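Down below is the structure, laid out as structure tokens.
The values are calculated or read from the model by the stated rules, or taken from the named source; none is laboratory data. None of the values given here were measured: they were computed from a predicted structure. Using ideal geometry, Cβ is built from the backbone for each residue, glycine included, and neighbour counts are taken over all protein chains shown. The protein model used for the area step is the full one, side chains on, heavy atoms only, and it has no ligands, DNA or RNA in it. Shrake-Rupley method; radii C 1.70, N 1.55, O 1.52, S 1.80 Å.
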Amino acid sequence: GCFLEPVRLEELLERLRTKKNLILQGAPGTGKTWLARRLAFALIGQRDDSKLRAVQFHPNLSYEDFIRGWRPLGDGRLTLADGPFLEAVNKAKADDHSTKYVIVIEEINRGNPAQIFGEMLTLLEADKRTPNEALELSYRRADDERVFIPDNLYVIGTMNIADRSLALVDFALRRRFAFATLEPTFGQAWRSWVNGKFGIATAILLDIEQRLNELNSEITEDASLGPQFRVGHSYVTPPAGSTIPDARKWFRQVVDTEIGPLLDEYWFDDAARARAARERLLNGF
């Protein structure tokens, strides 16, 4: 189900091994979440959910939620509790140093990464993954407590680059992560997968591919949008286990309920253009 060339996948894995931190960015529907988990399992060496932690950033997430903060107890008192990132750090430290752990952060730019990571942002650097670089946390369990991120804990983030509501990524975060852009990926690999798994005729898939490529060309050439707003292949890749008895009806439904509303949002100030683009996708199909 991955339509990238093996050499590209190996490049992504090598960047993750070396940098320790990787962000998959791309337009909607380019398979960022899907690939993040598969890269994690490939790095670990097997599909082991006990070594993978997945979280999602959002505007209300704080350092106290993600790293460590005070939590209320039932009797009205507060207790100092570790968040998911520090739990992952401690789990990786406690295991064999050669065992790899991964934390996947969905929508990493929907929160404020500098605020959420705090001093951990410094510790994320690959050359600071040693006890000698340990720092004290904002909330310490003991006066002499110091924390570092072990080098067997890797971070994979995903980032939508088409959301106008999201701020630019902090330069401090950019320096600590490698960034890889995922593109809408059609072509032979996509057609073979969808045909083999769901029985959709190759001729229909070629037609769908041509229509989406033409749409993406129009989006790319629009000065108010650009390539980061293209429509990805995930929109027309049925979920595993789906049954598609009528491929043409299925595509029309995808356009009506998924791609069409996306175009309405893209051209919110030009309803006629959005409607025309939707009609071209379905014309004669």
Query raised in the report: For the range 245-265, what are the residues that are open to solvent by less than 10 Å² (accessible area, probe 1.4 Å) and within 20 Å of residue 227 (Cβ to Cβ)?
Result: 259, 263
Query raised in the report: Which numbered condition trips up residue 86, out of (1) surrounded by fewer than 22 Cβ atoms within 10 Å (Cβ to Cβ); (2) within 24 Å of residue 162 (Cα to Cα); (3) at pLDDT 95 or above?
Result: (2)
Query - Pair list, Cβ under 8 Å, 6 or more apart: the range 41-63 residue closer than 19 Å to residue 16 by Cα, other residue open to solvent by 60 Å² or more (accessible area, probe 1.4 Å) and among the acidic types (Asp, Glu) - result: 53/87
**Report entry** Of all residues in the range 1-29 being among the polar types (S, T, N, Q) and modelled with pLDDT of 95 or more, the one that is surrounded by the most Cβ atoms within 10 Å (Cβ to Cβ)
**Finding:** 21
Requested in this report: Check residue 276 against each of (1) touching a residue at least 12 places away in the same chain (Cβ under 8 Å); (2) assigned to a helix (DSSP H, G or I) and name the one condition it does not meet.
Outcome: (1)
**Report entry** Selected residue (criterion: nearest to residue 155 (Cα to Cα)) from residues of the range 95-118 that are in a loop (DSSP other than H, G, I, E, B) and open to solvent by 40 Å² or more (accessible area, probe 1.4 Å)
**Finding:** 100
Query - Number of positions in the range 129-156 that are open to solvent by less than 70 Å² (accessible area, probe 1.4 Å) and either out of contact with any Lys or Arg (no Cβ under 9 Å at 6 or more places or on another chain) or aliphatic (A, V, I, L, M) (or both) - result: 11
**Report entry** Matching residues in the range 37-56 - criterion: being under 10 Å from the mean Cα position of the chain (by Cα) and crowded, with 23+ Cβ neighbours inside 10 Å
**Finding:** none
